[in-house]
1. To the nearest 500 deg cm²/dmol, what mean residue ellipticity at 222 nm is calculated for the chain from DSSP H runs of n ≥ 4 alone, each contributing -39,500 (n - 2.57), summed and divided by the residues?
2. I need the shape label for segment 54-119. Rule: rounded when a/c is under 1.5, else prolate if a/b > b/c, else oblate, with a, b, c from the alpha carbon gyration tensor.
3. Just to be sure I follow: if Rg is taken over the C-alpha atoms of segment 2-118 and Rh is the Kirkwood radius over the same atoms, what is Rg/Rh?
4. Nearest 20 debye, what's the magnitude of the dipole of the chain about its Cα centre given +1 on Lys and Arg Cβ and -1 on Asp and Glu Cβ?
5. Which of 219, 186 comes first, and how do the rest follow, when ranked by fewest Cβ neighbours within 10 Å?
6. Toward the positive end of the charge dipole of segment 2-118, about the Cα centre and with charges on Cβ (Lys, Arg +1; Asp, Glu -1), which of 29, 115, 50 goes farthest?
7. Could you name the lysines in cross-link range of residue 189, using Cα to Cα under 21 Å and dropping any fewer than eight places away on the same chain?
8. Starting from segment 1-94, pick out the chymotrypsin sites (Phe, Trp or Tyr not before Pro) whose DSSP state is loop and whose Cβ has at most 11 other Cβ atoms within 10 Å.
Amino acid sequence: MRVCLVEDDLALGRALQAALQESGHEVVWVRRSVDARHWVQDEPFDALLLDLGLPDGDGLELLRRLRAQGRQVPILVITARDGVEDRLNGLDMGADDYLVKPFVIPELLARLRAVARRAGRWSDGEAGNRWVCKDLVMDEGRMMLTRAGEPVPLSRTEFMLLQTLMRYPDRVLTRRELESRVLPHSEGKALDVHIFNLRKKLGEGYVRTVRGIGFVVESGGAS
């Protein structure tokens with residue numbers, strides 16, 4: 001899971017970053033609201049851990065802005081504010097869950113998985129993360145893809161490309177995003193070639209081109 005951690009406290013931030021990384025998550029840690037807005041706008045995340053007491057503004061205002069912009073990333077608020085009104089305000093503004101400090105790391109990780117799971121950003125498989133779109137099931141731990149229960153053989157690059165798209169269903173990923181993540185040293189039409197080969201193996205109705213922007217895997221019913 002790719003997580004944006006917004007926490008200004010150095011000691012807690014380091015501890016949370018280490019705990020998340022040890023659990024296999026990719027973490028971008030920022031300490032200011034303005035940096036969080038920049039990262040969430042430009043990069044895809046599976047979840048956001050949001051402290052409310054930030055040096056350049058209240059985390060609730062950041063939460064309100066993200067939801068007003070249509071950002072659907074799951075947000076778990078972590079804060080020392082333990083009043084009922086504070087919790088209700090956070091939930092009403094669009095937080096997916098609310099965890100009061102101090103907390104134990106296992107509970108944080110469990111709640112993080114829960115909000116991501118409810119949003120379709122996470123699935124617990126026997127041997128790693130599993131991602132489901134239509135009748136495609138990707139098991140990251142086994143490096144395996146099935147379609148309607150049948151295995152689909154993919155090259156490593158094809159697997160990584162589809163993996164990136166399936167992690168963010170219904171979100172258009174730009175060509176630059178895909179190239180930087182999957183094909184950082186490629187040139188010319190390499191991305192188009194891999195997309196073409198991927199479509200040949202999957203069939204129609206899975207990877208859609210958004211002209212002039214990039215590509216998307218949609219999570220709706222199979223077409």
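1. About -12000 deg cm²/dmol.
2. Judged from the Cα gyration tensor, segment 54-119 comes out oblate (a/c at least 1.5, b/c at or above a/b).
3. Here Rg/Rh amounts to 0.91.
4. Charge dipole, the chain, about its Cα centre: 780 debye, nearest 20.
5. In increasing order of surrounding Cβ atoms, one gets 186, 219.
6. In segment 2-118, that residue is 115.
7. 200, 201
8. Those that pass, being in a loop and sparsely packed, number zero.
Every read-out reported here was derived from the displayed coordinates using simple, explicitly stated rules and does not represent laboratory data. Note that the structure is predicted; figures quoted are calculated from it, not measured. Virtual Cβ from ideal backbone geometry, glycine too; neighbours counted across all protein chains shown.
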